[in-house]
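First the structure, in the form of structure tokens, and then the observations on it.
Nothing in this text is a laboratory measurement; each read-out follows from the coordinates by a stated rule. None of these values were measured; they are calculated from a predicted model. A quick note on method: Cβ atoms are made from the backbone with ideal geometry, for glycine too, and the neighbour counts reach across all protein chains shown.
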Amino acid sequence: MSALFARVVAHRLFWPVVMLLVLFTINLIAFPGFFTVTIRDGHLFGSLIDILRNGAPTLIIAIGMTLVIATRGIDLSVGAVCAISGAVACSIILGSPTPGSLSTVAVAVTVAMLIALVLGMWNGFLVAVVGVQPIIATLILMTAGRGIAMLITEGQILTVNSPPFKFLGSGFWFGIPIAVIIAAVVFAVAALVTRRTALGMFIESVGINPEASRQAGVRARGLLFVVYTFSAFCAAIAGLILTANTAAADANNTGLFIELDAILAVVIGGTSLAGGRYSLVGTLVGALVIQTLVTTVYTVGIPPIATMVFKAAVVTAVCLLQSPTTAEALRGFRQRLAIRAGKGVAAS
Amino acid sequence: MESTVTNHTDPPTAVVEMRGISITFPGVKALDDVDFRMFPGEVHSLMGENGAGKSTLIKALTGVYGIDAGTITLAGDQVSFSGPAQAQAAGISTVYQEVHLLPNLSVAENIMLGREPRRFGSIDWRAMRRRSAQLLAGLNLDIDPGSLLGDHSLAVQQLIAIARAIDVQAKVLILDEPTSSLDTDEVAELFRVIRSLKEQGVAILFVSHFLDQVYEICDRLTVLRNGKLVGEYLTEELLRIDLVQKMIGKELTTLDDLEQRARSVVVDESDAANFVTAARLGRRGAINPADLPIAVGEVVGLAGLLGSGRTELARLLGGIDRADSGELTIRGKATKLRTPRQAISHRIAFSSENRRDEGIVGDLTVRDNIVLALQADRGWFRPIPKKRRDELTQSYIQALHIRPGNPDALVRNLSGGNQQKVLLARWLAIAPGLLILDEPTRGIDIGAKAEIQKLVFNLAENGMSVLFISAELEEVLRLSHRVVVLRDRHVVADLENDGLTVDALLALIADGSVEADDTDAASGTNGDRVAVLGASDASETSDHLTIDNVPGGRR
Amino acid sequence: GCANGAGEASGPKPLDELVVGFSQVGSESGWRTANTKDIQAAFEEAGIELKFSDAQQKQENQIKAIRSYIQQQVDVIAFSPVVETGWDAVLNEAKAAGIPVVLTDRAVDSKDDSLYESFLGSDFVVEGEKAGAWALAEFADATEPVEIIQLEGTTGAAPAIDRAEGFAEVIAENPNLQVVASQTGDFTRAGGKQVTEALLKSNPGVDLIYAHNDDMGLGAIEAIEAAGLVPGVDIKILTIDAVKDGMQALADGKINYIVECSPLLGKQLVEIVEQINAGETPEKRIITEEGEFNQEQAIEALPDRQY
Amino acid sequence: MTNLLEAPQQPKLPAGPGTPSTRRLGATIRNLMTSPKYGPVIVTAVLFIAVFVIGGVRYRGFFSGQVFLNLLVDNSYLIVLAVGMTFVILTGGIDLSVGAVVALSGMIAASLLQTGWSPSVVIPLILVLTSVLGLLVGLMIHVFKVQPFIATLAAMFLARGLCYMVSQSSISITDPVFVSLAQTRIPLGGILSITPSVIIALVVVAIAVWVLHATRFGRTVYAIGAGEQSGLLMGLPVARTKVLVYVISGFCSGLAGVLFTFYTLSGYPLTAIGTELDAIAAVVIGGTLLTGGYGFVLGSVLGVLVLGVIQTIITFEGTLSSWWTRIFIGALLLVFIILQKVLTARRR
Ligand SMILES: Nc1ncnc2c1ncn2[C@@H]1O[C@H](COP(=O)(O)OP(=O)(O)OP(=O)(O)O)[C@@H](O)[C@H]1O
Ligand SMILES: Nc1ncnc2c1ncn2[C@@H]1O[C@H](COP(=O)(O)OP(=O)(O)OP(=O)(O)O)[C@@H](O)[C@H]1O
Ligand SMILES: [Mg+2]
Ligand SMILES: [Mg+2]
């Protein structure tokens, strides 16, 4: 029993999950209806659903980011790619005579994705072929990318009136938000492709020891291309969801600072920024923690001026609890307790 | 405990006394109630198989690992170091098993870091360079102290690490497999230094898998097996055969087996039977154009001094570096190798001498490390089925006695020798046509070494070609059908191995030197070159050996 | 006065020889882009050369830009300060160089008002007051407490602070009007939507949403609709800005009232520049003419709305 | 990165035309440029001069001493930030909190001065507070093994949040000492002049160069960057150094914040958003490897100047729309990075 408990506590996702539960509890105290999920207009409705739906874009980006980080890289350009894909899709839909038709939306989404793939390959090219440090390589696209998005929208917010497009962001399928379904699919695909094939092992091995991997015949270059492209692809999906959510492309604000949230999700999930072993499930938990945190701020009514401090407190708490040092201290504490308990037994 | 030490030989007090030391890692009891002691002015050796716990005991002493149980006394005082810095301050100077130096800093800094001479608060760079030059000269190593450490070969780095350790005015000097990459001459230099330190009353712990070296230098032995103490013995009172038996717990026979087998040379003169033929293969600044044919089923040994270019030549064949001159013919087809990947697809495997940086992928499991190259060759979308992976892993764990035998253990947590075995397994798994082994027995214990040698031998009999590089000439001679000698980045001899002796080979390796040519123009500016032993190389005589005038030359 | 500085230009220049340097805050919103475009268009129409630079919301960039304009010896410098404080040093440099400065959109907080010729823009506090006044009137005969959610702009941004302040001051008159939740939506639609979504759940009885700009209001509409309620009816919406999308929503009855904050400063700015060039003294503080819109007015105004 | 550490020696030069001595010179230059240690810095310097000359040809009034000095005047705070960041990055860490700390120290300064505190108390107080923040971050990173990215991200949230707590709106500074420090120009002969901030920044740079090059602490910083484990086994004071590096970064951020208030004479909670990326970019452009171990403070100073000159070109260009501004910055950065890569490339 206690052995099982120790195993659970030692799991690297233990504390993030605990933090998630704590946040849920805080919400529940502030707002008793927090866990209530009702069916309204044929679809699920409730705070938990909101968390899932609003967390979906961050999660999707964080999945791509996880793989990039596993190769010892980082992708700062995801926010800009979000903005570009949204801008491209919206401007195509706006430019078309039939903004409401499914085919228009399909074309718009496809073109947006293709452009994102090109952008991802560009990042991959800079990192893998030219050998630029990832943070700088993607910083270039982060800076220029928003400019490109604004170029496409001419700095305006492009509002589209296209039900199929809007469906992407706020639609439901079998009562479940489309965004959540998309995120689930991306997650499943990423997990299957990397874990059922050897891709995951190669990514980790390149992240841990690039030279040894090269000598073992792993094609690091191609791999970097793939992960950066995939990251941009994920960013594009997230960008489309974000844009469709409000049915408007906002080149300035779509995906602003989302790279930080995504990286935070990855790290809370236990993947090291130094590369190597990664955990997609961890990333999922991390993304949920972050989105719950945001929702908590709103429902609990934390004043805007205190929001940042609250965020800092939560992040710090998770990190400190997750730390091996804390685990050590806790173990020592438990042992002392056990010894004391044992003594008590002996004395009686 | 079967301790055979008799008290009258002991000097009065032990400088290090470890009692009842236990350390447990998740899943492994690395040390179990081990006692260990060292006396001033003696050379002591820790002996044991790979994974026996030697390095762990050392790290326990110097505070890298905390101990679960036991006491440590240093010069009579009980101590408990929280890190190597403290141990160092208390007079224990250590060279750890893997070379732990800083490639981005100069040689001088690597030697002096942490105790740099200072003037008015700032580091006195000139004094630092002078002092380190002295230390290097003490090891007969003639390299520029200002050069970057990362520019030197592993062996040189190992010597630099030793230089760093002996500079400290230490009571205790610990050397964990310091000679694993060193050649005979460097070992001799090291021993000279060790002897003089010993005379000054320093207690020295010397770990090595080379029994010759141990018997040459050590006064006393402590044997570990599976994390347990077997006993403490005086070297002169323990026969080698008994020592080996104590280490592995049973009799060792395999080696003699090997010696007795006849070497059947399967060399065919026609290129068609050659697995690979290198013709004038070279790379500027690394190795001069060299010819190297390797027949199917042939074991070719490369011999040479430190920095003679053995590794460089092997890297070209393994596709690690690109050749910029010459031709390579693989199975009769002219081929250019641009990447290791291509080499692997031609069934050429290169196992690097630098296992920590170029070999193992530390944070992956034993299983993943073993299948890595095979999987990379198949491509990512054709994963090896789980069952096959497990079988493969199990079979190599058994064949090579990898310990712990847990496929899910992280390679990082294996002992040095076991890491080497995992690496070997990786390359054997791709069923190579040519296996290039650069120092494959580095840090491998005597039992396993014999196993590996036997393996190489059997593989060759079954048609695998092997290029074998080792600092241990006996080993090269024992295994190779042919020995190619390098000197100063030139191939200087190519000999059939019948009746070759170590002494003959040594003479060949060390005899004079090839006239300084373009290679020196490139590297000579750094002065990073070891003085060749007994070199009277000022003479411009062109008497260096060529293929033609070497006795027993190939053509 | 315009007789500041020693190097004052002698007499008016022909318009096509005038050079005006304009340093914009950035391009953080549709409003801002409209503002930029209008100014650029107005100057082009007037035949005056305009040097434009985008500070990307950084005061230091703006200071650099102004310094560079001083070095390039432009005739007039106009800028929308990123922040109200901290301009004395660089404005003193401009003054010393004899280059008149015009502020647009946002004021600077400086004791020495000789540092700039004129301020052209809106008064955010007044906007908040106008919004508050509408809320007072709308809920004048409410007998029960009226629950208000406020969607604030970016924390720390001047419009957010002022609009909240003006609103709070006015609605204090009627104790029935209570701001039950106030949260930042960062001036964006997505922000407005997410905040509203969450707040609707914890404050189901809300009557009015006051958004510091149209975009957040538009986001709120989405959230209200998703909750199965009717925006503008079940929950009233009051916003500031009057951009085209907002006006459309107002015309559709999804927003109930908009207080205008016009980005169209170009014409007036050109006029000020011409005045300065002619040696006249423009007014120190010119508040742009801004209206307020209810549904009918919106329907009427919508066809001519360009931004 | 491994390839930088590995290739055993300089390639032999192809025998080109020219007298032996010019060939020797060419060889020396080539060797310097491709050396992993000095190469990036030298190439950066050369490129910076090239950019400056090109700007001078293209824009009237660009190629002047004052334009160059203004780079220092306008970026003195960034130079100080980059110095602190260099220490951190050399150990293989990163500090995302610097921008927020700049804003925070501005806020503290402005609000305390407003209530009548004396600058001689305020400035030391700020430096102590920000150093303590750095200390906390350092302890979190070392003792609790929290990844630097996350620990400093939490610090960034905290500092930004504290800014709002001090005041939501901007506060101007009217203290005579600050005003005079802000407005004093130190003439350098002719029409050239600099500000006291430049002197402070240059002094900081000089001290940093000395510390990194000539003290044990400085060399330990490099050692940790190359391999923390190795450093530990070599008996170096890894713990102390690692923590101290973040204290230095905190101190530099505080000082940069003070310089920034000299520059803007106000405190504003939203200033310096994204400045951490500028600082990181400057350090990396200056040739420091993000993985640690390689780089120089002077390189970072050059990096700041490069970013500054890009900004100057943008203002001299004068007609770029908001979006082209961003695209242009990205493009210049790209050209710069690629040239740097090409020129420092070593034969493999
Ligand atoms: N950090 C660690 N985590 C888990 N297990 C470890 C760790 N370090 C060592 N071990 C295990 O402890 C045992 C002893 O290892 P150690 O390195 O001391 O062996 P060794 O005697 O030095 O062997 P070698 O001759 O191969 O160097 C091995 O089984 C090894 O796998
Ligand atoms: N003793 C030495 N002194 C100076 N430099 C050396 C020495 N040994 C090797 N080097 C440098 O290290 C590099 C690698 O040499 P290389 O590894 O090819 O030698 P090797 O013959 O494989 O010897 P080993 O593997 O035993 O070190 C060479 O470029 C050489 O400059
Ligand atoms: Mg060992
Ligand atoms: Mg070698």
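Compare the Cα positions of B:ILE436, B:LEU234, B:THR24 along the charge dipole of chain B (+1 at Cβ of Lys, Arg; -1 at Cβ of Asp, Glu; about the Cα centre) and return the one farthest towards the positive end. Going by the charge dipole, the pick is B:THR24. Out of C:THR288, A:TRP173, C:GLY228, whose Cα points farthest toward the positive end of the dipole of the protein assembly as shown (charges: +1 Lys, Arg; -1 Asp, Glu; placed on Cβ)? Most positive-ward Cα: A:TRP173. Helix screen, chain A: DSSP H segments with Cα axial length of 30 Å or more and mean Kyte-Doolittle hydropathy at least 1.0 are A:47-70, A:102-124, A:220-246. C:ASN92 label point, 7 Å along Cα→Cβ, cut-off 14 Å on backbone N: hits in segment D:248-292? Hits in segment D:248-292 for C:ASN92 at 14 Å: D:262-266.
Our summary gives segment B:360-430 a relative contact order of 52 percent, counting only alpha carbon pairs under 8 angstrom and 6 or more residues apart.
By the scheme Lys and Arg +1, Asp and Glu -1, what is the net charge of all other residues having a beta-carbon under 11 Å from that of A:LEU293? Write down the numbers at each step before the final one.
Values: positive: A:LYS311; negative: A:ASP261.
Residues near A:LEU293 contribute 0 overall.
Shape summary: chain D maps onto an equivalent ellipsoid whose semi-axes, from the alpha-carbon gyration tensor, are 35, 28, 17 Å in decreasing order. For the residues of D:332-345, the average number of beta carbons from a partner chain within 10 Å of their own beta carbon is 3. Multiplying the residue separation of B:GLN78 and B:ALA188 by 0.36 nm and removing their Cα-Cα distance gives an extension gain of 36.0 nm. Of interest is the spacing of the C-alpha centroids, which for segment C:215-244 and segment C:64-119 amounts to 39 Å. Every pair of different Cα atoms in chain A enters the Kirkwood calculation, which places the hydrodynamic radius at 21.5 Å.
Take every Cα pair under 8 Å in chain B that's 6+ residues apart, average their separations, divide by the length, and report that relative contact order as a whole percent. Could the numbers behind the result be given before it?
Working: 1110 pairs, mean separation 86.1, N = 555.
It comes to 16 percent, rounded to a whole number.
Once the cut-off is 28 Å, how many percent of the Cα-Cα pairs in segment B:16-250 end up in the long-distance tail? For segment B:16-250, the fraction of Cα-Cα distances above 28 Å is 31 percent.
Here's how it looks for B:ILE436: its modeled amide H is under 5 Å from those of B:ALA349, B:PHE350, B:SER351, B:LEU467, which are all 5 or more places away or on a different chain.
Close amide H pairs (under 5 Å, H built 1.01 Å from N) link B:PHE25 with B:ALA30, residues at least 5 positions away or on another chain.
With a cut-off of at most 13 other beta carbons within 10 Å, and DSSP calling the residue loop, which trypsin sites (Lys or Arg not before Pro) in segment D:36-122 qualify? Please list them. Walk me through the numbers before you get to the answer.
Values: sites: D:LYS37, D:ARG58, D:ARG60; in loops: D:LYS37, D:ARG60.
Sites meeting the loop and neighbour criteria: D:ARG60.
Placing dummy labels 7 Å off each Cα toward the beta-carbon, the span from B:ASP212 to C:ILE299 is 10.5 nm.
3J(HN,Hα) couplings calculated from phi for segment C:63-73 with the Karplus curve 6.51 cos²θ - 1.76 cosθ + 1.60 (θ = phi - 60°) are, in sequence order, 4, 4, 4, 5, 4, 5, 5, 4, 5, 7, 6 Hz; Gly and Pro show x. The packing ranking, built from the mean of other Cβ atoms within 10 Å per residue, places the peptides B:309-317, B:199-207 in the order B:309-317, B:199-207, highest first.
Looking at the protein assembly as shown, send over the antiparallel percent of its DSSP beta bridges, to the nearest 5. About 45 percent, rounded to the nearest 5. Close Lys pairs in segment B:16-250, defined as Cα atoms under 19 Å apart and 8 or more places apart or on different chains, number 10.
Can you tell me the FRET efficiency between B:PHE381 and C:GLU225 if r is taken as the Cβ-Cβ distance and R0 is 51 Å, rounded to the nearest 0.05? Spell out each step's value before the answer.
On the way: r = 45 Å, r/R0 = 0.88.
So, using R0 = 51 Å, E works out to roughly 0.70.
Using the Cβ of A:ILE178 as centre and a radius below 12 Å, the other residues enclosed give a net charge of +2, where K and R count +1 and D and E count -1.
Normalised by the number of residues in chain D, the average gap of Cα pairs under 8 Å and 6 or more apart makes the relative contact order 33 percent.
If Lys and Arg each add +1 and Asp and Glu each add -1, what is the summed charge of the other residues whose beta carbon sits under 10 Å from the beta carbon of C:VAL25? Display every interim value, and only then the final one.
Details: positive: C:ARG32, C:LYS58, C:ARG106; negative: C:GLU28, C:ASP54, C:ASP105.
Surrounding charge for C:VAL25 is 0.
Take every residue in peptide C:21-29, count the Cβ atoms of other chains within 10 Å of its Cβ, and give the average of those counts. Show your work: numbers first, answer last.
Numbers: counts 2, 1, 1, 2, 1, 3, 13, 6, 6.
So the per-residue partner count for this stretch is 4.
With a Förster radius of 51 Å applied to the beta-carbon distance between D:VAL143 and C:GLN306, the computed FRET efficiency rounds to 0.30.
Treat every Asp and Glu Cβ in chain D as -1 and every Lys and Arg Cβ as +1, leave all other atoms uncharged, and give the resulting dipole magnitude about the Cα centre to the nearest 20 debye. Don't skip to the answer; put the middle values down first.
Details: 19 positive and 8 negative charges, 258 e Å.
Computed charge dipole of chain D: roughly 1240 debye.
Within the straight-line cut-off of under 29 Å between alpha carbons, the lysines reachable from C:LYS244 are A:LYS166, C:LYS37, C:LYS51, C:LYS58, C:LYS130, C:LYS193, C:LYS236, C:LYS254, C:LYS267, sequence neighbours fewer than 8 places apart in one chain being disregarded.
Partners of C:LYS95 within straight-line reach, counting lysines whose Cα lies under 18 Å from its Cα and excluding those fewer than 8 residues away in the same chain: C:LYS64, C:LYS111, C:LYS284.
Give the residues of segment C:115-142 whose amide nitrogen is closer than 17 Å to a point set 7 Å from the Cα of C:GLU169 in the direction of its Cβ. It comes to C:122-136, nothing else.
Using the beta-carbon distance between D:ARG240 and D:VAL203 and R0 = 22 Å, what value does 1/(1 + (r/R0)^6) give for FRET efficiency, to the nearest 0.05? Don't skip to the answer; put the middle values down first.
Values: r = 25 Å, r/R0 = 1.12.
After rounding, the FRET efficiency stands at 0.35.
With distances taken between every two different alpha-carbon atoms, chain C has a Kirkwood hydrodynamic radius of 20.4 Å.
What average count of beta carbons from other chains do you get within 10 Å of the Cβ of residues in B:357-367?
Numbers: counts 6, 9, 5, 4, 13, 4, 10, 9, 1, 0, 1.
Rounded to a whole number, the mean comes out at 6.
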